[in-house]
2 protein chains.
Amino acid sequence: MTRTLARILIVGYGVVGKRVADAVDEQPDMKVEGIVGVNPSSLIAVASRTKRYPLFAKDQESLERLTASGITVTGLRDDGLEECDVVVDATRAGVAEGNISTYSSFRKPFVLNGGERAGLADISFNAQANYKEALGADSARVVSCNTTALCRILVTLQSLSSIDDVFAVAVRRAADSLRIDKGPINGIVPAAGGFSHHGRDVKSILPKIHIQTMAVKTSSTLSHVHVLRARLNSTVNTRRVIEELEKTPRILVIDTKSGLVSNAHVLEWARDKGRPRGDLWEVAVWEDSVHCSGKDLVMIYCVHNEAIVIPENIDAIRALLEMESSPGASIETTDRALDCFQDQADYSKY
Amino acid sequence: MTRTLARILIVGYGVVGKRVADAVDEQPDMKVEGIVGVNPSSLIAVASRTKRYPLFAKDQESLERLTASGITVTGLRDDGLEECDVVVDATRAGVAEGNISTYSSFRKPFVLNGGERAGLADISFNAQANYKEALGADSARVVSCNTTALCRILVTLQSLSSIDDVFAVAVRRAADSLRIDKGPINGIVPAAGGFSHHGRDVKSILPKIHIQTMAVKTSSTLSHVHVLRARLNSTVNTRRVIEELEKTPRILVIDTKSGLVSNAHVLEWARDKGRPRGDLWEVAVWEDSVHCSGKDLVMIYCVHNEAIVIPENIDAIRALLEMESSPGASIETTDRALDCFQDQADYSKY
């Protein structure tokens, strides 16, 4: 089954939703059927007036509020559901669960995002790890930013050797940048409770990997940073690992010697590069943190929590609608459209 | 050989030096013979006028500058060296190397601090790990704050099982609090170069442990936080580990449920407790981060970089001068004098 333009309805227009809409809008084989709005806001006004995305009101009350504020409303959410081919739910964690029966009643496949429980969708999804398993499924859950990064790294390492053991520490950003009421501002907050959920979440995609993760929250608002150690089943060579990372899509190999000495510098690079909103869709691995010692491999990388799952949402759409059977082809289409395809080559030049 | 009051000269009066002076001043078997000053400053004025520590000028020029500012000077550094029994060098990293020949020419044993190379002293020192090896030595290097914390934890774990493997991530404070010119303020900075030096430094004290460490720098100015995984040689039980930590000197077992949810909260506890400068000499392990899974054990703990090495400096003095042959007795004397002895019991009560 192929479609010329798959019609995507985006429910939830926040950190992820607004980015998914823009990414869909860039794809050659998709269009934004619409976004679903609840209340008038500057963000909704930009979506409607600047970006000209059709706006569907969540319900009659929303429609009245939106219309009263002078924002053009195309219809109600259910009208959007009727017209679309697939729904991307990017609502706040926990909200999607209540929406699923509606999507099902309209017989629309749907993509959930990482905050939701694994069991709510047919499959937990990472493009490089298990694209084919999602082909034609009714639903897919794109795993969280941290889990997405871990999957990309581990799938890449698996092409060099099987992996006996992984321990990773997520040094987390304080909060999404608009949550100015949250901290920490000068503290480091341990995630109590032993292992963090990220390891378990990786296993929802890569069940055979022995992985344990821990997390601390820091006052950076810019991104997460992971410190990872993998114990491989065979001896590996640092140079070989770096080469493999460099040729993997959605992994950008950077180094501190070029000036990218912190996550702030990495994200400024993305801004300078002209990325929309300064987004870094790739996992950015510091080359000079990669070190192999026997079978042990360590690395540190930057995970732009706002952006990293966006290309996976696009690929998940293609898989659910069976628009493309090859993960590599979908990834390439997505990344070309986002204009991040082969940015590794551009980076290396300077 | 026993002395009633060992006479200590402190060279370098900054973050560590001023704390060592105060800790010496509290000990029943030591006195501050003096501190060595270079330039007049509010800190030196407090040391001289409030604390009444004898002040030795580094050289004739220093003496003139200090005297001109109205600060009373007892003599020159060499006068202090003549009179003291032992020198604690707490100068900035790299400076001590140039001082060692002077200490040796006066035939005075000396204690160095963590910033210096391991080879500069007879022994790298941690009270719980190798006190006895330092008995009567000419010099000892108290290892850095991070290494001291790692040694305390690992020695404690070794009492439960031999350790096959350790991987620890130091989530570091940005800079000492007075370095207001340094960052990061909103970034996370990877320590490039593969493994960090802390693991190697632990091996200078515990050579048989297989340990790898990595580090990232964050914008907290309050303390370091470590995330550690140890793979033991035998299965351990979470409750048993916590009990062992609780009964170990200089380890404080805290938990987030009591409100100590970040390093900021932990250090505020030390301030509320009435600790001088709000110092936390102990490693503070979050009980609810401790988790065992088979032979794997993870934990997160807070390392107050300004304070944690202070009791070790005191014990190193006792070892070099052979004032006490038992590490346990020295540790108890030090901790009683600092008034942190049995604070675990006090903490647990609330």
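Only residues that are out of contact with any Cys (no Cβ under 8 Å at 6 or more places or on another chain), away from chain A (no Cβ under 12 Å) and surrounded by 21 or more Cβ atoms within 10 Å (Cβ to Cβ): list them for the range B:194-235, please.
If the condition is that a residue be out of contact with any Cys (no Cβ under 8 Å at 6 or more places or on another chain), away from chain A (no Cβ under 12 Å) and surrounded by 21 or more Cβ atoms within 10 Å (Cβ to Cβ), then B:198, B:201, B:209, B:232 are the ones that fit.
Could you go through the range A:240-249 and let me know if any residue there is crowded, with 17+ Cβ neighbours inside 10 Å, over 21 Å from residue A:159 (Cβ atoms) and hydrophobic (A, V, I, L, M, F, W, C).
no
Go through (1) more than 10 Å from chain B (Cβ to nearest Cβ); (2) among the hydrophobic types (A, V, I, L, M, F, W, C); (3) out of contact with any strand residue (DSSP E or B) (no Cβ under 6 Å at 6 or more places or on another chain) one by one and return the number of the condition residue A:251 breaks.
Unmet for residue A:251, out of (1) more than 10 Å from chain B (Cβ to nearest Cβ); (2) among the hydrophobic types (A, V, I, L, M, F, W, C); (3) out of contact with any strand residue (DSSP E or B) (no Cβ under 6 Å at 6 or more places or on another chain): (3).
Take residue B:264 and tell me if it is more than 9 Å from chain A (Cβ to nearest Cβ) and not acidic (Asp, Glu).
Numbers: more than 9 Å from chain A (Cβ to nearest Cβ): no; not acidic (Asp, Glu): yes.
The answer is no for residue B:264.
Name the single residue that is nearest to the other protein chains (Cβ to nearest Cβ) among those in the range B:157-173 being part of a strand (DSSP E or B) and surrounded by fewer than 23 Cβ atoms within 10 Å (Cβ to Cβ).
Step one: list which residues in the range B:157-173 are part of a strand (DSSP E or B), which gives B:163-172.
Add one more test, that the residue is surrounded by fewer than 23 Cβ atoms within 10 Å (Cβ to Cβ), and what stays is B:163-165.
Values: B:163: 15, B:164: 12, B:165: 9 Å.
Among those residues, the one meeting the criterion is B:165.
Just checking, which of A:36, A:73, A:95 is β-branched (Val, Ile, Thr) and more than 21 Å from residue A:15 (Cβ to Cβ)? Give the steps one after another, and end with the answer.
Details: A:36 fails: more than 21 Å from residue A:15 (Cβ to Cβ); A:95 fails: more than 21 Å from residue A:15 (Cβ to Cβ).
It is A:73.
Conditions (1) touching a residue at least 40 places away in the same chain (Cβ under 8 Å); (2) more than 24 Å from residue A:115 (Cβ to Cβ); (3) aromatic (Phe, Trp, Tyr); (4) touching a Pro at 6+ places or on another chain (Cβ under 9 Å), marked per residue:
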| residue | (1), (2), (3), (4) |
| --- | --- |
| A:15 | yes, no, no, no |
| A:18 | no, no, no, no |
| A:31 | no, yes, no, no |
| A:40 | no, yes, no, no |
| A:59 | no, no, no, no |
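Going by the structure shown, is residue B:161 under 16 Å from residue B:241 (Cβ atoms) and not hydrophobic (A, V, I, L, M, F, W, C)? Show your work before the answer.
On the way: under 16 Å from residue B:241 (Cβ atoms): yes; not hydrophobic (A, V, I, L, M, F, W, C): yes.
Against the criterion (under 16 Å from residue B:241 (Cβ atoms) and not hydrophobic (A, V, I, L, M, F, W, C)), residue B:161 qualifies.
Mind checking which pairs have a first residue in the range B:292-317 that is facing chain A (nearest Cβ under 10 Å) and farther than 30 Å from residue B:89 by Cα and a second that is among the small types (Gly, Ala, Ser) and in a loop (DSSP other than H, G, I, E, B), Cβ under 8 Å, 6 or more apart or different chains?
B:293/A:194; B:298/A:194; B:300/A:191; B:300/A:192
Output the number of residues of the range A:267-284 satisfying the condition of being β-branched (Val, Ile, Thr) and either free of Cβ contacts under 8 Å to residues at least 24 places away in the same chain or facing another protein chain (nearest Cβ under 10 Å) (or both). So that I can check it myself, show each step before the final result.
Step one: of the range A:267-284, the residues β-branched (Val, Ile, Thr) are A:283.
Cutting the leftovers down to either free of Cβ contacts under 8 Å to residues at least 24 places away in the same chain or facing another protein chain (nearest Cβ under 10 Å) (or both) gives us none.
Counting residues in the range A:267-284 that are β-branched (Val, Ile, Thr) and either free of Cβ contacts under 8 Å to residues at least 24 places away in the same chain or facing another protein chain (nearest Cβ under 10 Å) (or both) gives 0.
Where in the range B:204-320 are the strands (runs of 3 or more DSSP E), entirely inside, with at least 1 residues that are modelled with pLDDT of 95 or more and not aliphatic (A, V, I, L, M)?
Details: elements: B:211-217, B:224-232, B:251-254, B:283-286, B:291-293, B:296-303.
By residue number, B:211-217, B:224-232, B:283-286, B:291-293, B:296-303.
Working only within the range A:174-193, note down all residues that are surrounded by 20 or more Cβ atoms within 10 Å (Cβ to Cβ) and within 8 Å of chain B (Cβ to nearest Cβ).
From the range A:174-193, those surrounded by 20 or more Cβ atoms within 10 Å (Cβ to Cβ) are A:174, A:184, A:187-191; that's our starting set.
The answer is A:184, A:187, A:188, A:189, A:190, A:191.
Can residue B:243 be described as away from chain A (no Cβ under 12 Å) and within 24 Å of residue A:193 (Cβ to Cβ)?
Working: away from chain A (no Cβ under 12 Å): yes; within 24 Å of residue A:193 (Cβ to Cβ): yes.
The answer is yes for residue B:243.
Residue-wise test of (1) out of contact with any Leu (no Cβ under 9 Å at 6 or more places or on another chain); (2) within 24 Å of residue B:28 (Cβ to Cβ); (3) among the acidic types (Asp, Glu).
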residue: B:271; (1), (2), (3): yes, no, no
residue: B:304; (1), (2), (3): no, no, no
residue: B:314; (1), (2), (3): no, yes, no
residue: B:327; (1), (2), (3): yes, yes, no
residue: B:337; (1), (2), (3): yes, yes, no
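Just to verify a result, which residue in the range A:325-341, among those that are surrounded by fewer than 20 Cβ atoms within 10 Å (Cβ to Cβ) and within 15 Å of residue A:276 (Cα to Cα), is modelled with the lowest pLDDT? Walk me through how you get there before you give the answer.
Taking the range A:325-341 as the starting set, the residues that turn out to be surrounded by fewer than 20 Cβ atoms within 10 Å (Cβ to Cβ) are A:325-326, A:328-329, A:332, A:336-337, A:339, A:341.
Now narrow it down to the ones that are within 15 Å of residue A:276 (Cα to Cα): A:336-337, A:339, A:341.
Values: A:336: 96, A:337: 97, A:339: 91, A:341: 87.
Here the residue is A:341.
Identify all residues within the range A:119-143 that are in contact with an Asp or Glu (Cβ under 7 Å, 6 or more places away or on another chain) and surrounded by fewer than 22 Cβ atoms within 10 Å (Cβ to Cβ); write none if there are none.
Filtering the range A:119-143 down to residues in contact with an Asp or Glu (Cβ under 7 Å, 6 or more places away or on another chain) leaves A:120, A:122-123, A:125-127, A:131, A:135-143.
A:120, A:122, A:123, A:135, A:136, A:137, A:138, listed by residue number.
Within the bounds of the range A:306-315, is there any residue that is of a type in the set (S, T, N, Q) and surrounded by fewer than 24 Cβ atoms within 10 Å (Cβ to Cβ)?
Quick first cut of the range A:306-315, residues of a type in the set (S, T, N, Q) only: A:313.
Cutting the leftovers down to surrounded by fewer than 24 Cβ atoms within 10 Å (Cβ to Cβ) gives us none.
Looking for residues that are of a type in the set (S, T, N, Q) and surrounded by fewer than 24 Cβ atoms within 10 Å (Cβ to Cβ), one finds none in the range A:306-315, hence no.
Could you go through the range B:111-127 and let me know if any residue there is in contact (Cβ under 8 Å) with a residue 40 or more places away in the chain, over 27 Å from residue B:278 (Cβ atoms) and part of a helix (DSSP H, G or I).
Taking the range B:111-127 and keeping what is in contact (Cβ under 8 Å) with a residue 40 or more places away in the chain, we get B:111, B:113-114, B:118, B:124-127.
With over 27 Å from residue B:278 (Cβ atoms) added as a condition, the list becomes B:118, B:124.
Going one step further and asking which of them are part of a helix (DSSP H, G or I), we end up with B:118.
Scanning the range B:111-127 turns up at least one residue that is in contact (Cβ under 8 Å) with a residue 40 or more places away in the chain, over 27 Å from residue B:278 (Cβ atoms) and part of a helix (DSSP H, G or I).
The values are calculated or read from the model by the stated rules, or taken from the named source; none is laboratory data. Every value quoted in this text rests on a predicted model; they were computed, and no experiment measured them. Neighbour counts run over all protein chains shown; Cβ positions are idealised from the backbone, glycine included.
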